[in-house]
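Worksheet: one structure, shown below.
The values are calculated or read from the model by the stated rules, or taken from the named source; none is laboratory data. Keep in mind the model is a prediction, meaning the values are calculated, not measured. Reconstructed Cβ throughout: ideal geometry from the backbone, glycine too, with neighbour counts over all protein chains shown. What goes into the accessible areas is simple: the full protein's heavy atoms, side chains included, and nothing from ligands, DNA or RNA. Shrake-Rupley method; radii C 1.70, N 1.55, O 1.52, S 1.80 Å.
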Amino acid sequence: MSVVVPVHDEEEVLPEFQRRLAAVLDALDCDAEVVYVNDGSTDRSLALLAGFHRDDGRVGVIDLSRNFGKEIAMTAGLDAAAGDAVIVIDADLQDPPECIPEMVEAWREGSEIVLMRRRNREQEGFLKRSTAKAFYRVIGRMSTIDIPADVGDFRLLSRRAVGALQRFPERSRFMKGLFAWIGFRSHEIEYDRDRRFAGKTSWNYWRLWNFALEGITSFSAAPLKIASYIGFSTALVAFIYGAYVIGKTLLIGNPVPGYPTLVTLILFLGGLQLMALGIIGEYLARMFVEVKQRPLYLVQQHLAPRRTGTNGRDS
Ligand code: UDP
Ligand code: MG
């Protein structure tokens, strides 16, 4: 069993997280390793992780060369994980490590993927909840894959599912979408998502907005289609209006040219064109990133777990 933990500036939470996770793994009746991915932390997180590595033979640390974002950090962790099953969990104790035995149980019963669904989102603010809901509705309509709502990255993946994810070459990694894309037999467990233990979230609304854009553009071409339909219907209306203007001029002549109409039309059509160009641009920019084929991440230092025996504390 591998547990992948992306870590970005979590010094206040890490000791408590490691304590609770180790207790859970101690009680687990299989070999376990923990893969911490230090995603360019600027605080003492890396020093703490190196300490865990020293004290607990099950702990491995991958230190990325800079901050690559949670999606990439998870990818790095999945690449390094050696277990027959891999659990991805946040370091801030919002996902209780105590759920792990139940997840392992579901996996043993034959599920390739065990999804953890949040039972309540009450402690999140109204704005966060309603925007999250709107996002799931929009992406559900726009893409052909079914991204489950209220399911985060906390989940268990079988070795086969991890192998499937590793076959995705794309650089814009919207993990929620990729997880859903691969399919496989999955099982859902409900859990209560706790508050952040300490520290603060690195997500603000601007980052969330860009994350949503990333999700929509990598899993749906609908915005492009919408742009062309809007263009088509405007052209239709323009044609009808043109016929009306020409007919009117032929019948009763042209007294004063319609300046307001002209200005309105020019501005309106200009705006539409820029919008359509913007949408194309969003896709083009992402193609540009993909085409460059840059490596997904770079590792500065890799501390491999020393031992993965059951209850594998050494000395
Ligand atoms: N994280 C990361 N890289 C980042 C931002 C966050 O690895 O650039 C990690 C963070 O340390 C935590 C997890 O991703 O373990 C979830 O982050 P956070 O709690 O800030 O997000 P939220 O729970 O608010 O969605
Ligand atoms: Mg969190």
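For the range 28-50, the set of residues classified as closer than 13 Å to Asp9 by Cβ and assigned to a helix (DSSP H, G or I) consists of Ser45, Leu46, Ala47, Leu48, Leu49, listed by residue number. Here Lys176 fulfils each of the conditions (1) within 30 Å of Tyr297 (Cα to Cα); (2) not in a helix (DSSP H, G or I) apart from (2). When the residues of the range 69-82 are filtered to those that are part of a loop (DSSP other than H, G, I, E, B) and at pLDDT 90 or above, the one that is nearest to ligand 2 (Cβ to nearest atom) is Ala81.
Among the residues making up the range 193-234, those that are outside any helix (DSSP H, G or I) and within 20 Å of the chain's Cα centre (by Cα) are Arg193, Asp194, Arg195, Arg196, Lys200, Thr201, Ser202, Trp203, Asn204, Ser220, Ala221.
Contact annotation: no residue pair with Cβ atoms under 7 Å, 6 or more positions apart or on different chains, pairs a residue in the range 235-257 that is touching a residue at least 40 places away in the same chain (Cβ under 8 Å) with a partner that is not hydroxyl-bearing (Ser, Thr, Tyr). Does the range 9-29 include one or more residues that are within 16 Å of ligand 2 (Cβ to nearest atom) and among the polar types (S, T, N, Q)? The answer is no; no qualifying residue exists.
When the range 59-117 is filtered for residues that are more than 21 Å from Ala180 (Cβ to Cβ), open to solvent by less than 20 Å² (accessible area, probe 1.4 Å) and of a type in the set (Asp, Glu), the ones remaining, listed by number, are Asp63, Asp92.
Checked against the criterion of being closer than 21 Å to Ala81 by Cα and under 12 Å from the mean Cα position of the chain (by Cα), the candidates Phe168, Phe154 yield just one match: Phe154.
Every test in (1) more than 29 Å from Ala106 (Cβ to Cβ); (2) open to solvent by less than 10 Å² (accessible area, probe 1.4 Å); (3) more than 24 Å from the chain's Cα centre (by Cα) is passed by Asp56 save one, and that test is (1). Each residue in the range 27-37 was checked for being open to solvent by less than 50 Å² (accessible area, probe 1.4 Å) and either of a type outside the set (Ser, Thr, Tyr) or free of Cβ contacts under 8 Å to residues at least 12 places away in the same chain (or both), and 7 pass. Would you call Val5 open to solvent by less than 50 Å² (accessible area, probe 1.4 Å), in contact with a Ser or Thr (Cβ under 8 Å, 6 or more places away or on another chain) and not in a loop (DSSP other than H, G, I, E, B)? Criteria not met by Val5.
Just a yes or no: is a residue in the range 251-263 closer than 16 Å to Thr234 by Cβ, among the hydrophobic types (A, V, I, L, M, F, W, C) and surrounded by 10 or more Cβ atoms within 10 Å (Cβ to Cβ)? Yes, there is a match, as at least one residue in the range 251-263 is closer than 16 Å to Thr234 by Cβ, among the hydrophobic types (A, V, I, L, M, F, W, C) and surrounded by 10 or more Cβ atoms within 10 Å (Cβ to Cβ). Among the residues of the range 203-248, those that are open to solvent by 50 Å² or more (accessible area, probe 1.4 Å) and within 16 Å of ligand 2 (Cβ to nearest atom) comprise Trp203, Asn204, Tyr205, Arg207.
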